[in-house]
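> Please find one structure pasted underneath; my questions will follow.
What follows draws every value from the coordinates through simple rules; no lab data is involved. The structure displayed is predicted, hence computed values, not measured ones. Every residue, glycine among them, receives a Cβ derived from its backbone with ideal geometry; neighbour counts consider all protein chains shown.
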Amino acid sequence: MTKNKRGYYVSSIHYGVAVVATSAKEAKQIAHKSGVLLKDMEPVEWISIQVRWIRDADVSDLPIGVVNDTRMGLLCGIYSHLEGGLCDECGKESTVFSYKGLVLCGECVLKQHNVPDKLKTLIMIKSE
Ligand SMILES: [Zn+2]
């Protein structure tokens, strides 16, 4: 039996990474071992790592491990947004969101039709 892969957002105080794993415990182990979560240039302690299962994420095409490609982490739905990404539509560097397989800035998402309220609200919160 193959276990289902799931998307997790694994974080310490200031920083989080997208991780594909079959359980929260495995996600935490992967992030801890990878050493990507740092505090004062040192890997963070096990106890300060938090794991959130992102139920809506589609990670079926991604291998188990840290999702090093942040754009992919956004498109699969583990990240809700990225700071300083490039918009596929207008090319502006901005806080970007995933919308129908594209990476778009808030302005370009809001120009689309049928933007889910959840995403609209998030854009409102993230735009100054
Ligand atoms: Zn744009």
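> With labels modelled as points extended 7 Å from the Cα through the Cβ direction, what inter-label distance (nm, one decimal) is found for Lys33 paired with Trp53?
In this crude label model, Lys33 to Trp53 measures out at 2.1 nm.
> How much FRET efficiency would the formula 1/(1 + (r/R0)^6) give for Leu86 and His14, where r is the Cβ-Cβ distance and R0 is 25 Å, rounded to 0.05? Could the numbers behind the result be given before it?
Numbers: r = 23 Å, r/R0 = 0.93.
About 0.60, to the nearest 0.05.
> Can you give the relative contact order of region 82-127 as a percent, counting alpha carbon pairs under 8 Å and 6+ residues apart? Could the numbers behind the result be given before it?
Values: 56 pairs, mean separation 12.6, N = 46.
27 percent.
> Cα-Cα over 23 Å: which of Lys100/Lys126; Lys39/Lys100; Lys25/Lys118? Don't skip to the answer; put the middle values down first.
Working: Lys100/Lys126 19 Å; Lys39/Lys100 35 Å; Lys25/Lys118 28 Å.
Cα-Cα > 23 Å for Lys39/Lys100; Lys25/Lys118; rest within.
> Top mean-square fluctuation among Lys33, Lys25, Lys118, Gaussian network model of the chain, C-alpha springs under 10 Å?
Result: Lys118 has the largest fluctuation of those listed.
> With the crude spin-label approximation of a point 7 Å out along Cα→Cβ, what separation in nm comes out for Lys3 versus Ala24?
Inter-label distance under the simple model: 1.4 nm.
> Taking the alpha-carbon centroid of each part, what is the distance from region 1-38 to region 66-107 in angstrom?
A separation of 20 Å, based on Cα centres.
> Anyone know which of Gln50, Gln112, Gln29 comes out most mobile in the 10 Å Cα GNM of the chain?
Ranking Gln50, Gln112, Gln29 by mean-square fluctuation puts Gln112 first.
> Gaussian network model of the chain, Cα springs within a sub-10 Å range: biggest mean-square fluctuation belongs to which of Gly85, Gly16, Gly35?
Of the options given, Gly35 has the highest mean-square fluctuation.
> Run the numbers on the chain and let me know its relative contact order in percent, using alpha-carbon pairs under 8 Å that are six or more apart.
19 percent
> On a full-extension model of 0.36 nm per residue, what is the gain between Asp69 and Thr121, subtracting their alpha-carbon distance, rounded to one decimal in nm?
16.2 nm
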